[in-house]
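Reading through the structure tokens given below for one structure.
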Amino acid sequence: MINIKKILCPVDFFPASEAAVTYAAGLAGNYDARLHLLHVITPIVAGTHEFMFDTTDIIRSLEKAAEAEMNKLVDMVKSTGVAVDTEISTGDVYNEIKNAIALQKPELVVMGTHGRRGVERWFMGSTTEKLMRHSPVPLVTISAAGERPSVPRFRRILVTTDFSDGTADALAHAFSVAQENDSRITLLHVVHEPAANPLIKDVEKQLYDLVPAEAMNWCEVDTRVEEGVPYRIILKTIQDEGIDLLVMNIHGKGMLDRALVGSTAERVVRVAPCPVMLIPPMKRKSKRRARPGGNRAAA
């Protein structure tokens with residue numbers, strides 16, 4: 001069972017982050033956890049040319065406006081019976097969130113993501129995407145493009161796996177949520193290249209072997225192997241199955257990978273119609289590891 005005592009929720013007061021607060025409050029209520037709301041004000045740099053100005057009053061005005069917006073969110077969270085505290089800081093948004101993770105030690109971070117258009121889709125660098133690469137704790141993203149449930153729903157949970165070391169951690173979180181909510185879990189592996197039928201059967205068995213035996217007593221579990229482009233198959237499965245939560249493990253990346261665009265997780269998070277729980281590499285090594293032979297596969 002995953003123990004969640006504190007949830008960090010960064011907010012920018014746009015609709016996506018407001019939806020994230022609602023979702024985070026629901027999760028906090030499920031786990032009897034405390035919610036920590038964080039808003040970061042980006043500092044204003046005074047001009048260095050002909051016209052100089054004092055930014056102190058501007059920052060104070062931004063702080064006052066942020067306090068008013070934060071109070072509205074606090075009132076909403078308290079109305080659900082969830083304990084909440086707040087923090088307003090000034091600095092680089094990503095660095096301030098990292099500092100809050102280090103100081104507050106949350107077991108989970110929940111934040112909204114903003115839709116992108118045109119050429120922006122092909123460039124990384126948003127706060128959410130940086131956290132996807134570097135967060136030491138699980139991250140739940142709420143997409144601006146998706147439905148915004150008034151309370152978290154967990155009737156159907158989809159877990160994707162590529163049989164890497166992080167698989168056991170992703171499964172632990174998914175089954176913990178499922179146990180709390182009587183959920184149905186679909187465990188999905190996507191074979192990137194066309195595979196022979198014997199390999200599919202072998203992968204199906206490995207998926208089944210990943211399911212804890214005791215989970216069968218209280219959770220309905222489906223295993224599925226599909227062929228195709230992983231992010232497309234995942235998004236199609238979410239739509240077809242009415243998935244309420246997607247759980248994915250994400251990999252530690254080297255310097256080259258960090259500069260590249262287009263990982264499965266990044267593509268899915270941008271447009272997923274449901275919340276996505278991203279499980280980073282945990283400190284301990286996962287004992288359960290399986291990798292199918294033959295064709296290289298990914299999810």
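Look at the range 1-18 and say how many of its residues are closer than 15 Å to residue 277 by Cα and out of contact with any Leu (no Cβ under 8 Å at 6 or more places or on another chain). Working first, answer last.
Of the range 1-18, the ones closer than 15 Å to residue 277 by Cα are 2, 4, 7-9.
The next check asks that each one be out of contact with any Leu (no Cβ under 8 Å at 6 or more places or on another chain); those that pass are 2.
Residues in the range 1-18 being closer than 15 Å to residue 277 by Cα and out of contact with any Leu (no Cβ under 8 Å at 6 or more places or on another chain): 1 in total.
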Scanning the range 22-47 residue by residue, those touching a Cys at 6+ places or on another chain (Cβ under 9 Å) and either farther than 19 Å from residue 177 by Cβ or assigned to a strand (DSSP E or B) (or both) turn out to be 35, 36, 37, 38
Note: among 191, 151, 159, just one is buried (at least 17 other Cβ atoms within 10 Å of the Cβ), hydrophobic (A, V, I, L, M, F, W, C) and modelled with pLDDT under 90, namely 191
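May I ask you to list the residues in the range 53-111 that are acidic (Asp, Glu) and within 23 Å of residue 269 (Cβ to Cβ)? Full working, then the answer.
Here is the first cut: in the range 53-111, the ones acidic (Asp, Glu) are 54, 57, 63, 67, 69, 75, 85, 87, 92, 96, 107.
Across the range 53-111, the qualifying residues are 92, 96, 107.
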Considering residues that are at pLDDT 85 or above, surrounded by fewer than 16 Cβ atoms within 10 Å (Cβ to Cβ) and part of a helix (DSSP H, G or I), the number found within the range 100-133 is 2
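Check every one of the helices (runs of 4 or more DSSP H) wholly within the range 167-251 and list those with 2 or more residues that are closer than 19 Å to residue 277 by Cα and touching a residue at least 40 places away in the same chain (Cβ under 8 Å).
On the way: elements: 167-181, 197-210, 230-241.
Here the list reads 167-181, 230-241.
The values are calculated or read from the model by the stated rules, or taken from the named source; none is laboratory data. Keep in mind it's a predicted model, so treat the numbers as computed, not measured. Heads up, the Cβs are rebuilt from the backbone with ideal geometry, glycines too, and the neighbour counts pull from every protein chain shown.
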